[in-house]
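Notes for the one structure printed next.
We did not get these values from a lab; they are worked out from the coordinates using the rules stated. Just so we're clear, the structure is a prediction, and the values are computed from it rather than from any experiment. Ideal geometry is used to build each Cβ from the backbone, glycine not excepted, and the neighbour counts take in all protein chains shown.
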Amino acid sequence: MRQLMIEMPNKTYPVYVGEGALTKLVELFQGPLHETTKILVIADEYVAALHGEALKQSIPSNVPYEWLTVPKGEAAKSFATFEACLTFALEKGLDRKSCILAFGGGAAGDLAGYVAASFMRGIRFVQIPTTILAHDSAVGGKVAINHPLGKNMVGHFHQPEAVIYDTQFLKTLPEHEVRSGFAEVIKHALIADPIFLQEIMKKVTNINDITEDFLAYCLERGIEIKGEIVSEDEREQGIRAYLNFGHTYGHALEAALGYGKVTHGEAVAAGMVYALYLSQQKINLVLDVEEFCQWLKSLGYRLDLNASFSFEELYHLMKRDKKTIGEHIRFVLLEAVGKPVICEISTKELQETDQLVRKEMMT
């Protein structure tokens, strides 16, 4: 197990990564969270069925707790579920010294974190992620729910007290969730570390090639990269936007297909491909994008998620993206691997790239 520190302008908190990290929960509630009056666990229903007992046995015996399950995946990030969580917290007598434990994947963490940010104007919470994808979302304090017109449109910045990332939970992940989470690992490599990208592409030629040790290394490196970025820009006024590489087009695909119809990571993978082709067209990125796409396909990523939608449909959704300013759609592009930039892209450039991607995905 390894401890990483996330240093924000007004807060520093630990991330415990590795098998057995759950044992740190008792230490937290004996230390910085010792005044906690009550714990509320907000747990993904699927994760609760698999690992609920492990978490219950790790909660300190001297702190009373309540347990609430929510729908798995993006279905949890609805106004109805958000309201139900707040109602449950009020009915169970949580107060300003209570603490929420977010137990599940990125969606459960986003929901529980937003509940914590909103309840009585903000109470403490701890992220306990159970997916590879959540190595990205559990760190950095972005919490949100979805609106029918856009993903993560309603939310806040609310940092956790700690992230407890016990890798034992990853052993039960289905293959599609491994693939989804690994897309964010690839994203971190693309925006920050060309050597890391080379390592990944060399060692992982099939999604089932990922060993436990190499996965732990990838997660730690991904968290380090994200931690370095968010420590400089907590509220996404500048470089934190780099973490959105692949997400503008990816979020449009998620919204078009319907939340939960495709995993977030699969949509981001297709979005990264779009952003790479756009980078070639706009700022002359030097990268063999075709080779990169073939590698993604060998890992099982579907890069033709746009096939059922017109450019106009996806463009309309991209314009609603929260990274859009005024009439300009802002994209994170790459000058080179490890050198992201933010560019305002014209409708014409977006459409030309959309046509190029569709052509390339048909070959």
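Tabulated data
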item: Mean Cα-pair separation over length for segment 175-362, i.e. relative contact order, pairs under 8 Å, 6 or more apart, %; result: 27
item: Whole-angstrom gap from segment 112-170 to segment 239-295, using each part's C-alpha centre; result: 23
item: Segment 256-356 - convex hull of the alpha-carbon atoms, volume per residue in Å³; result: 106
item: Lys, Arg +1 and Asp, Glu -1 on Cβ, resulting dipole of segment 175-362 about Cα centre, debye, nearest 20; result: 400
item: Relative exposure of Arg179, Arg320, judged by other C-beta atoms within 10 Å (fewest first); result: Arg320, Arg179
item: Option label - Cα Rg over 2.2 N^0.38 Å computed here, alternatives [x] 0.96; [y] 1.21; [z] 1.05; result: [x]
item: Contact order relative to length of the chain, as percent, for alpha carbon pairs under 8 angstrom and 6 or more apart; result: 15
item: Table column - 3J(HN,Hα) (Hz), segment 204-210, Karplus curve with 6.51, -1.76, 1.60, x for Gly and Pro; result: 10, 10, 8, 4, 7, 6, 6
item: Point-charge dipole on Cβ atoms (K/R +1, D/E -1) for the chain, about Cα centre, debye to 20; result: 620
item: Segment 282-342, dipole about Cα centre (Lys/Arg Cβ +1, Asp/Glu Cβ -1), debye to the nearest 20; result: 320
item: Sequence-distant aspartates and glutamates (8 or more away, or on other chains) whose Cα lies within less than 17 Å of Lys348; result: Glu312, Glu313, Glu327
item: Using alpha-carbon coordinates, inclination of helix 289-298 to the longest axis of the chain, degrees; result: 50
item: Calculated from backbone phi, Karplus (6.51, -1.76, 1.60) coupling profile of segment 127-144 in Hz, x at Gly/Pro; result: 8, 10, x, 10, 10, 5, 3, 6, 5, 8, 6, 6, 10, x, x, 7, 10, 5
item: Restraint check, Lys24/Lys142; Lys142/Lys187; Lys72/Lys171; Lys72/Lys151; Lys261/Lys282; Lys38/Lys171, Cα-Cα greater than 20 Å; result: Lys24/Lys142; Lys261/Lys282; Lys38/Lys171
item: Over segment 2-172, relative contact order from alpha-carbon pairs under 8 Å, at least 6 apart, %; result: 26
item: Cα-projected label distance for Ile207 with Ala84, points at 7 Å along beta-carbon direction, nm; result: 2.8
item: For Phe79, Phe125, Phe88, order by how many other beta-carbon atoms lie within 10 Å, fewest first; result: Phe79, Phe88, Phe125
item: Computed label-point distance, nm, for sites Ser231 and Glu35 using a 7 Å Cα→Cβ extension; result: 2.7
item: Distance from segment 27-45 to segment 304-320 (C-alpha centre basis), Å; result: 42
item: Charge-dipole axis of the chain as Lys and Arg at +1 and Asp and Glu at -1 on Cβ define it, positive-most pick from Asn152, Ala336, Tyr16; result: Asn152
item: Sum of -39500 (n - 2.57) over DSSP H runs of 4+, divided by residues of the chain (222 nm, nearest 500); result: -14500 deg cm²/dmol
item: Ranking of Asp44, Asp233 by count of other Cβ atoms within 10 Å, fewest first; result: Asp233, Asp44
